[in-house]
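See below for the structure under consideration.
What follows draws every value from the coordinates through simple rules; no lab data is involved. Just so you know, these numbers come straight off a predicted model, no measurement behind them. Ideal geometry is used to build each Cβ from the backbone, glycine not excepted, and the neighbour counts take in all protein chains shown.
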């Protein structure tokens, strides 16, 4: 049997989902999308591999996934059309619920792996910390915060966290899973224009994230922004390398996966091999 690997670029509103990953008896993005693909391709629901497994309530604007499908099923989806990719996008739109949209489908380049081939993921967390900033039309995507936040203090607290570190203090522990990550960007700002004007926006970019890491980082920064903790506190948590009961996780609905970036096609296989290698913390973190 000849199979073809397809890349899917998609987005979803996480409000009505119990996260990305399939869970028995729960509505998930993966389960919904796999069922739709099985219907359209007229086969057993295929297994999807995703770039970032989002938690319950977290949204995605730039999610990427791949699946391997029998070439006969792939060619048959075109019907009377010349382009199976366009046909699959249109047919998925007819069976998917409105809170999931597949924007593009294409045959993946050799060596492509949605999860292990990614160079970086970029998330954005949005908060409204004043009544005039609270937009009821965005209540499912922007957290309404009860206290004004000191953005400059939050930004100062974020800077020492950037780099290669063991983020055990900001991750939910999983057996045999490393918590070493390279945090490329942790920026806190209050945009002066655009759709996010006036909001407190936390932009986070890393090679990968462990479970609940972004929301835990934001939660620590919120304690600084409210004045409950000094700007040095998040760095102290990082150095301790263990979860602190005083460090809270920020609500899920303020978080959106905005973008996943991949290397040029010729570097996809080597990137996937590099990512699969176990990470080690730098000497300063040990």
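GNM remark for the chain: springs join alpha carbons under 10 Å apart, and the peak mean-square fluctuation among 25, 192, 227 falls on 25. When a/c is below 1.5 the answer is rounded, else prolate if a/b is larger than b/c, else oblate, so apply that to segment 19-165 with a ≥ b ≥ c taken from the square roots of the Cα gyration tensor eigenvalues. The shape class here is prolate. Got the relative contact order for the chain handy, in percent, Cα pairs under 8 Å and 6 or more residues apart? Reported as a whole number, the value is 23 percent.
Here 82, 187 are placed in order of increasing Cβ neighbour count within 10 Å, fewest first, which gives 82, 187. Potential lengthening of the chain between residue 236 and residue 276 amounts to 11.5 nm, from the contour at 0.36 nm per residue minus the alpha-carbon distance. Relative to the longest principal axis of the Cα atoms of the chain, the long axis of helix 84-95 lies at roughly 70 degrees.
When ranked by the protection proxy of mean other Cβ atoms within 10 Å per residue, highest first, what sequence do the peptides 135-143, 209-217 form?
209-217, 135-143
Between residue 103 and residue 90, the contour length at 0.36 nm per residue exceeds the Cα-Cα span by 3.7 nm.
To make sure I understand, if each residue's beta carbon is the centre and we count other beta carbons within 10 Å, what order do 233, 74 fall in, fewest to most? Spell out each step's value before the answer.
Working: 233 18, 74 21.
Result, fewest neighbours first: 233, 74.
Going from the residue with the fewest nearby Cβ atoms within 10 Å to the one with the most, 201, 224, 2 rank 2, 201, 224.
Which entry in (i) 154; (ii) 126; (iii) 136 matches volume of the Cα convex hull per residue in Å³ derived from the coordinates of this structure? Read-out taken from this structure: (i).
Here is how the number arises for the chain: DSSP H runs of 4 or more residues each give -39500 (n - 2.57), the sum is divided by the residue count, and the result at 222 nm is -7000 deg cm²/dmol.
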